[in-house]
Amino acid sequence: MGSSTQVKLPVIDLSLKSLNLKSSAWVTKCDEVRCALEEYGCFIAVYDGVSGELRDATFRASQELFKLPTEVKALNILDTPYGGYTQPPMLPLYESLGIEHVTTKEGIESFTKLMWPSGNQSFSESMLMYSKAVAELDQTVMKMVAASYGIEEPYESIRGSTTYLLKPTKYLSTQGNEKIAGIHPHTDRCFMTYLHQNEVNGLQIKAKDGEWIDVDYPPSSFVVMAGDAFMVWTNGRIEAPTHRVMLTTGNKDRFVLGIFATIRDQITVPQQLVDEDHPLQFHAFDNSKYTHFCYTEEGLKSECPIKTYCGV
Ligand SMILES: O=C(O)CCC(=O)C(=O)O
Ligand SMILES: [Fe+2]
C-alpha cells in the first residue's frame, strides 16, 4: 500500500489551438476526457491559457504571501473548515491560505486588503488573471464531460453558480532520507480541482487497484481532479480519487496553486444519467453543508462521507 507504481496519468492536450476541432475529433477528445476521469478520477491537462509570464508572476505573488508574518496570515478565516489559513502541527511542512470568490475583483481585493492594508496591486492582478484563466479551463473541461454524457442542458443550468476558491499552498523542503507526508490521504469535497505546481513534485494519486501513482507534471500543465460533488453529479460514474503529498529530500520548497470549483446551488443527478443499469445513487445535496458535515463526528468516522451524507 505504501509503494508507488510507474503508471502514468493520462496527459490530454487542452491548449486553445488544439481545441479548434472538427466535430468528430471534438467528440473523440470529449470522450478522452470523460474516460480519463472515469478511470483515474483525474488527468494532466496541457493548457496554454496561463502564459509563462503570468505563471511566474503568480508564483512570485504566492511566495510574497507566505513571507507575511504568521499573525497576518492567520487573519484569513473562512467559514469552511480548513478553508482559511492552515498550518496543522501534525503536518509541519504544510501551510495554506484560502481566497474565496477569487475570479471576482471584489473577492481578490478583499483578501489583498486583509493581508496588505495599504494595498498590493500586483498581487491582486496576477491572482485574478491566473484564476480567470483556470476558470476558463474548468468551463472547457465541464463542457467536454457534459458533451460526452449528453448532459449539456443540466450543466448549463448549474454553470452560473460555479464559484472558485484559490488555495495557495507551500510545503517546506525536507532534508531527511525518509519521505515525509505533506498532506494526508483525502478526497476533495468540491466539484472540481485544478492544481498547478512549481517544479517540485510530491502529489500521489491512489489508483483503483490501491497503488499510489506519482504525479509528475511539467510547469505548463495542470492536474484536473474530480471532487466528491462531481461523483454525485455523475451518479457515481466518476469517483473523486484519494490523493496525498509525499515529499522527498530537496533544497526547494514546493508551491502549489489549487483552484477548487464549487457549485453554490443544490446539485441534483441529471435524469439522463439514471436508468435501469445506473439506478440513482445520490439525493440532491448542498456542497457547502456537505463540507461542514465532513468535519462532524459522523463525517470524520465515515469511510465515504459523501455516501453517508447523501447516498440513496
Ligand atoms: O499539493 C498538492 O499537490 C495537492 C494539494 C491538495 O490535495 C489539496 O489542497 O486538497
Ligand atoms: Fe486535495
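The values are calculated or read from the model by the stated rules, or taken from the named source; none is laboratory data. What you see is a predicted model, and the numbers here were worked out from it, not measured in a lab. Please note: Cβ atoms are built from the backbone with ideal geometry, for glycine as well, and neighbour counts cover all protein chains shown.
Worth a mention:
- Residues in segment 94-128 that are in a helix (DSSP H, G or I) and either within 16 Å of ligand 1 (Cβ to nearest atom) or among the polar types (S, T, N, Q) (or both): Ser110, Thr112, Gln121, Ser122, Ser124, Ser126.
- Residue pairs meeting the criteria (Cβ under 6 Å; at least 6 apart or on separate chains; first more than 10 Å from ligand 1 (Cβ to nearest atom) and of a type in the set (Phe, Trp, Tyr), in segment 186-201; second assigned to a loop (DSSP other than H, G, I, E, B) and at pLDDT 95 or above): Phe191/Gly227
- Qualifying residue in segment 203-211 (condition: at pLDDT 95 or above and more than 13 Å from ligand 2 (Cβ to nearest atom)): no
- Going through (1) on the phi < 0 side of the Ramachandran plot; (2) within 14 Å of ligand 1 (Cβ to nearest atom); (3) surrounded by 14 or more Cβ atoms within 10 Å (Cβ to Cβ) one by one, Ser131 falls short only on (2).
- Scan of segment 244-291 for residues that are basic (Lys, Arg), closer than 23 Å to Trp233 by Cα and loosely packed, with under 13 Cβ neighbours inside 10 Å, ordered by number: Lys289
- Residue count for segment 175-202, restricted to those that are within 12 Å of ligand 2 (Cβ to nearest atom) and aromatic (Phe, Trp, Tyr): 1
- Members of segment 143-182 that are in contact with a Phe, Trp or Tyr (Cβ under 6 Å, 6 or more places away or on another chain) and either within 25 Å of Ile12 (Cβ to Cβ) or of a type in the set (A, V, I, L, M) (or both): Ala146, Leu165
Residue-wise test of (1) touching a strand residue (DSSP E or B) at 6+ places or on another chain (Cβ under 7 Å); (2) hydroxyl-bearing (Ser, Thr, Tyr); (3) over 26 Å from Ala146 (Cβ atoms).
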residue: Thr249; (1), (2), (3): yes, yes, yes
residue: Val256; (1), (2), (3): yes, no, yes
residue: Ala261; (1), (2), (3): yes, no, no
residue: Asp275; (1), (2), (3): no, no, no
residue: His292; (1), (2), (3): no, no, yes
residue: Glu303; (1), (2), (3): no, no, yes
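- Inter-residue pairs, beta-carbon under 9 Å, first modelled with pLDDT under 95 and of a type in the set (A, V, I, L, M) and in segment 106-130, second buried (at least 21 other Cβ atoms within 10 Å of the Cβ) and not in a helix (DSSP H, G or I), 6+ apart: none
- Which listed residue is among the aliphatic types (A, V, I, L, M), under 19 Å from the mean Cα position of the chain (by Cα) and closer than 28 Å to Leu14 by Cβ, from Ala45, Ala57: Ala45
- The single condition among (1) in contact (Cβ under 8 Å) with a residue 60 or more places away in the chain; (2) within 30 Å of Asn201 (Cβ to Cβ) that Thr242 does not satisfy is (1).
- Every residue from segment 247-260 that is in a strand (DSSP E or B) and over 16 Å from Met127 (Cβ atoms): Leu247, Thr249, Arg254
- Failed criterion for Cys294 (all others in (1) away from ligand 1 (no atom under 16 Å from the Cβ); (2) buried (at least 18 other Cβ atoms within 10 Å of the Cβ); (3) over 26 Å from Val11 (Cα atoms) hold): (1)
- Among all positions in segment 220-240, there is no residue which is over 30 Å from Asp265 (Cα atoms), acidic (Asp, Glu) and over 12 Å from the mean Cα position of the chain (by Cα).
- Count - residues of segment 214-246 that are within 15 Å of ligand 2 (Cβ to nearest atom), touching a Ser or Thr at 6+ places or on another chain (Cβ under 7 Å) and part of a strand (DSSP E or B): 1
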